[in-house]
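Accompanying notes for the structure given below.
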Amino acid sequence: MSDGTATTTTDLDVRLEKHRVELTGYCYRMLGSSFEAEDAVQDTMVRAWRSYDKFEGRSSLRSWLYRIATNVCLDMLTAGNKRARPMDLTESTPLAQAALSPRPDNTWLEPMPDNRVLPGTDDPAEAAVAKETVRLAFMAALQQLPAKQRAVLILREVLAWKASEVAELLDTTVASVNSALQRARATLAEQQQPGGEAAVSDPLDEEQQKLLERYVAAFEGYDMTALTALLHEDAIMTMPPFDLWLTGVKDITGFMTTLGAPCAGSRLLPVQVNGLPGFAQYKPDPEAGGFTPWAVQVLEVSDGRITGFHCFLDTKRWFPLFGLPVHLEAEADQVEEGV
């Protein structure tokens, strides 16, 4: 390979990489899976690299990459699998009947770190919209749309592409794009999301920040009275890969003091996930000491209360994705006290 070719190849790699985060956000919205989204983007990059000599520059490199990524996602969605949350699949279970029944990984809508899907921007309004469109409720609603309607809605409503640009990307007409967008909007409007919409400011306002501080204190102290004061009366708790979901303060705190009792004494580290506040939960490790990964928690907040409390338990997958440590040591003062 000549120096000129090597330089060109390096330059192309740099140009492609500039689009990785936004493409990952697009594929994540399309697929509902963190890992499938990253696989789709990697496939897109490889296809673009291999066929770059055929790229004639009639569109921008960005548009060309989105065309490839859309085709990759549509191919992946031909199996018809729709990612879901527990409340999309079953009725709420009373605590007295609670049973932990897991379902396969490909059932579930998966969490995603903000920094992997939200490109940096100096526009606060643009940043807020981007966060809203990766939140769990919106992501779950997208999964109810047919694949091409999903692509149209994301490109038009989230990424603000023109109808003519979307029509060119999908090899269809502007009229067809507008019709698909209308149907997609109608479907989303009909959906009632359990737990209500998350109303989180960006950045968090002072009241929301204090709510999270109180939540950390209540959870780490496993203080159910304090936690009750923070939860909305119709709050929802989910725990993928289990299909169980609970509604209401009494059942949630009841679960935490029974089946969830081993979580007492946990430690929480803040994470930015799906445009929402979240925490990596480590519970006490009685064998090795210190704390072991247990869940990535995603919190939905509205009107000064926590309305959604979602715990993703597959820590062998989630903690590396978030760049989280696989073990926390006990703090020195705890060791000295024999805690």
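Which far-off residues, 5 or more places away or on another chain, put their amide H under 5 Å from the one on Leu231, with H placed in the peptide plane? Long-range HN contacts for Leu231: Ile306. Reported to the nearest whole Å, the Cα centre-to-centre distance from region 200-259 to region 57-119 is 25. What is the angle, in °, between the Cα long axis of helix 206-220 and the longest principal axis of the Cα atoms in the chain? Nearest 10 is fine, range 0 to 90. The angle comes out at about 50 degrees. Probing with 1.4 Å while keeping every protein chain in the model, the per residue accessible area of region 1-153 equals 49 Å².
With a/c under 1.5 counting as rounded, go ahead and sort region 102-169 into rounded, prolate or oblate using the C-alpha gyration tensor (a ≥ b ≥ c being the square roots of the eigenvalues; past the cut-off, prolate if a/b is larger than b/c, else oblate). Oblate is the answer for region 102-169, as a/c is 1.5 or above yet b/c matches or exceeds a/b. Dividing the summed helix terms, -39500 (n - 2.57) for each DSSP H run of n ≥ 4, by the number of residues in the chain produces a 222 nm estimate of -13500 deg cm²/dmol to the nearest 500. Of the solvent-accessible surface of region 1-147, computed with a 1.4 Å probe over protein heavy atoms with every protein chain present, carbon and sulfur atoms account for 50 percent. Note that region 235-339 presents 41 Å² accessible area per residue, ligands and nucleic acids not counted, probe 1.4 Å. Pairs with C-alpha atoms separated by more than 25 Å, drawn from the list Lys131/Lys250; Lys82/Lys250; Lys250/Lys283; Lys18/Lys82; Lys131/Lys162; Lys210/Lys250, are Lys131/Lys250; Lys82/Lys250; Lys18/Lys82.
When the solvent-accessible area of region 221-276 is split by element, carbon and sulfur atoms take up 61 percent of it, the probe being 1.4 Å.
Cα gyration tensor of the chain, axes a ≥ b ≥ c as square roots of the eigenvalues: rounded (a/c below 1.5), prolate (a/b > b/c) or oblate? Prolate is the answer for the chain, as a/c is 1.5 or above and a/b outweighs b/c.
The values are calculated or read from the model by the stated rules, or taken from the named source; none is laboratory data. Predicted, not measured: the structure shown is a model, and the values here were computed from it. Side chains are part of the model used for accessible areas, which takes the heavy atoms of the whole protein and leaves out ligands, DNA and RNA. Shrake-Rupley method; radii C 1.70, N 1.55, O 1.52, S 1.80 Å.
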